[in-house]
Each structure stands twice: as structure tokens, then as C-alpha cells.
1. Out of GLU42, GLU78, report the one residue that is closer than 14 Å to LEU8 by Cβ and touching a strand residue (DSSP E or B) at 6+ places or on another chain (Cβ under 7 Å).
2. Would you point out the residue of segment 17-30, among those that are within 13 Å of the chain's Cα centre (by Cα) and assigned to a helix (DSSP H, G or I), that is nearest to ALA112 (Cα to Cα)?
3. Need the failing condition index for VAL3 against (1) in contact (Cβ under 8 Å) with a residue 60 or more places away in the chain; (2) out of contact with any strand residue (DSSP E or B) (no Cβ under 9 Å at 6 or more places or on another chain); (3) closer than 19 Å to MET103 by Cα; (4) surrounded by 14 or more Cβ atoms within 10 Å (Cβ to Cβ), just the number.
4. Only one residue in THR50, THR44, THR36 is more than 15 Å from the chain's Cα centre (by Cα), farther than 13 Å from ALA112 by Cα and not aromatic (Phe, Trp, Tyr). Which one?
5. Looking at segment 86-104, is at least one residue surrounded by fewer than 20 Cβ atoms within 10 Å (Cβ to Cβ), within 17 Å of ASP4 (Cβ to Cβ) and at pLDDT 95 or above?
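The values are calculated or read from the model by the stated rules, or taken from the named source; none is laboratory data. Small disclaimer: the values here were computed from a predicted structure and weren't measured. Reconstructed Cβ throughout: ideal geometry from the backbone, glycine too, with neighbour counts over all protein chains shown.
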Amino acid sequence: MAVDIKQLFDKELPEAMAKNPDKAKEVGHVFQMNITGDTGGEWTIDTTATGPSCKAGKIDNAECAITMADADFQKLVENPQANGMQLFFAGKLKVQGNQMLAMKLQKLFDLAK
């Protein structure tokens with residue numbers, strides 16, 4: 001089932017983080033999500049002590065920035081473990097900064113389920 005990317009980042013993820021701030025803060029980093037394509041956008045996810053928050057927009061000092069096409073993000077949501085590595089090694093999921101932090105994002109997305 002396709003996920004509404006804008007709904008996920010503008011509503012579902014911020015609400016889930018607000019309901020579970022301690023779990024969100026366990027991740028403890030700042031991320032930049034850049035989803036290209038018609039249904040994409042740019043969001044900053046802050047899970048530090050000053051957060052947690054997920055807001056539209058872009059920052060330059062994110063510890064981990066992830067860029068991918070909206071169609072590839074759909075594949076990632078369907079099966080994060082298998083498709084994440086496949087997309088990364090195919091060059092369709094680009095990570096700048098600390099690549100190990102990208103793995104921690106799954107904890108946040110699990111909150112929004």
C-alpha cells in the first residue's frame with residue numbers, strides 16, 4: 001500500500017514523536033530527508049534534547065542527510081530492511097554525513113505506524 005509521503009512527514013511522524021518524545025529522543029540526532037519527485041519534499045527531523053520535531057524545510061548542519069526519489073521511498077517503506085540496503089547499493093538512496101545514523105530512522109518510522 002502506498003504511503004502519502006507528505007502526510008507522513010507533515011502529520012503522522014510529528015504526531016507520533018509528540019506522543020512518544022522519550023522514544024524519539026533516544027535516537028538523538030538531526031536528520032535531513034530529501035524526497036524528490038511530485039509527491040516528495042524536504043524535511044528536518046530533530047530527535048535531540050531540543051526536539052523532537054519534524055518540520056518542512058532544509059538545514060545544512062544535519063548529522064545525516066538522506067536523498068531519494070519518491071518511488072524509491074515507497075519501496076523503502078514497504079520493506080525497510082531488504083529494500084534499504086538494495087536501494088543504497090544501487091545508488092538510489094544517497095546518504096551524506098554519518099551513514100550509520102540512517103539505520104536509526106527506522107525507530108522513528110515505527111512510532112508512526
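1. Numbers: GLU78 fails: touching a strand residue (DSSP E or B) at 6+ places or on another chain (Cβ under 7 Å).
Of the residues listed, the single one that is closer than 14 Å to LEU8 by Cβ and touching a strand residue (DSSP E or B) at 6+ places or on another chain (Cβ under 7 Å) is GLU42.
2. Within segment 17-30, the first condition is being within 13 Å of the chain's Cα centre (by Cα), and the residues that meet it are 17, 24, 27, 29-30.
The next check asks that each one be assigned to a helix (DSSP H, G or I); those that pass are 17, 24, 27.
Values: MET17: 8, ALA24: 11, VAL27: 14 Å.
Selected residue: MET17.
3. (3)
4. Details: THR44 fails: more than 15 Å from the chain's Cα centre (by Cα); THR36 fails: more than 15 Å from the chain's Cα centre (by Cα).
So the residue among THR50, THR44, THR36 that is more than 15 Å from the chain's Cα centre (by Cα), farther than 13 Å from ALA112 by Cα and not aromatic (Phe, Trp, Tyr) is THR50.
5. no
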